Amino acid sequence: MELRPELILTTVIKSLGDNVIPAIDPDNAPARQQAQLSIALLEILKSRLPLMYRYDRHDLKSFVELGETLASSGSNKEATRNIERLCSEARELLGRARADPGEMLERSKDLRRAISVYVDDVRETGDEHTALKVDRIVVASAEELTLRERAWMLPFGFEADPAVVPDLETLLDPVR
């Protein structure tokens, strides 16, 4: 049994294209379309797989930067301490030479949740000036995140003008 995802995907794609699709009734257009779509999605997955680790690292780093910026905006002490703790843990994780990808993903999720709690708390208990400051910080971060997400999804063909979306690799930090 092969464990490398790239080879597994190549094998599945070939099998679907050579054996499964030809066996589908030619008059069953929806089934043929779905099988072709499945192959296309697997091809996209295969092409993006080598970038997944870099993508997850960049995602975590972006949330650390957002969390640190929000924590410095001054609001709820407990929420701030939680974000500071999670950012510290995430920075340590990013600094490790061989950080586990699953652990990075979990830390990213933790930071996302903590940031959401923080933003909600600022809106509920913070003054209007702080809330506006936090909103601006979040929007700026969301713009960068959205561009990266659009670049990731570019092969799906949903962009009206793909030329305006930068290449995904230019948006990800190199792994050092």
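Name, by its number, the condition in (1) modelled with pLDDT under 95; (2) within 25 Å of E43 (Cβ to Cβ); (3) open to solvent by less than 90 Å² (accessible area, probe 1.4 Å); (4) not aromatic (F, W, Y) that does not hold for P166.
With (1) modelled with pLDDT under 95; (2) within 25 Å of E43 (Cβ to Cβ); (3) open to solvent by less than 90 Å² (accessible area, probe 1.4 Å); (4) not aromatic (F, W, Y) applied to P166, the lone miss is (1).
Within the range 45-74, which residues are open to solvent by 30 Å² or more (accessible area, probe 1.4 Å), of a type in the set (S, T, N, Q) and more than 20 Å from V12 (Cβ to Cβ)?
Result: T69, S72.
Looking at K14, K46 in this structure, which one is at pLDDT below 95 and part of a helix (DSSP H, G or I)? Walk me through how you get there before you give the answer.
Numbers: K14 fails: at pLDDT below 95.
Sole residue among the options that is at pLDDT below 95 and part of a helix (DSSP H, G or I): K46.
Within the range 49-96, restricting attention to residues that are polar (S, T, N, Q) and in a helix (DSSP H, G or I), which residue is nearest to R136 (Cα to Cα)?
Ranking the qualifying residues of the range 49-96, first place goes to T69.
For residues that are hydrophobic (A, V, I, L, M, F, W, C) and exposed (fewer than 11 other Cβ atoms within 10 Å of the Cβ), scanning just the range 9-44, find the one that is nearest to the chain's Cα centre (by Cα).
L37
All but one of (1) part of a helix (DSSP H, G or I); (2) surrounded by fewer than 18 Cβ atoms within 10 Å (Cβ to Cβ) hold for I115; which doesn't?
Every condition holds for I115 apart from (2).
Looking only at the range 150-160, filter to residues that are open to solvent by less than 80 Å² (accessible area, probe 1.4 Å) and either modelled with pLDDT of 90 or more or more than 12 Å from the chain's Cα centre (by Cα) (or both); which one of those is nearest to Y55 (Cα to Cα)?
It comes out as A151.
Is it the case, given these coordinates, that S141 is closer than 13 Å to L70 by Cα and open to solvent by 60 Å² or more (accessible area, probe 1.4 Å)?
Here the answer is no, as S141 does not meet what is asked.
The values are calculated or read from the model by the stated rules, or taken from the named source; none is laboratory data. Remember, predicted model here, so these are calculated numbers, not experimental data. Glycine also receives a Cβ, built like all others from the backbone with ideal geometry; neighbour counts cover every protein chain displayed. Ligands, DNA and RNA are excluded from the accessible area calculation, which covers all protein heavy atoms including side chains. Shrake-Rupley method; radii C 1.70, N 1.55, O 1.52, S 1.80 Å.
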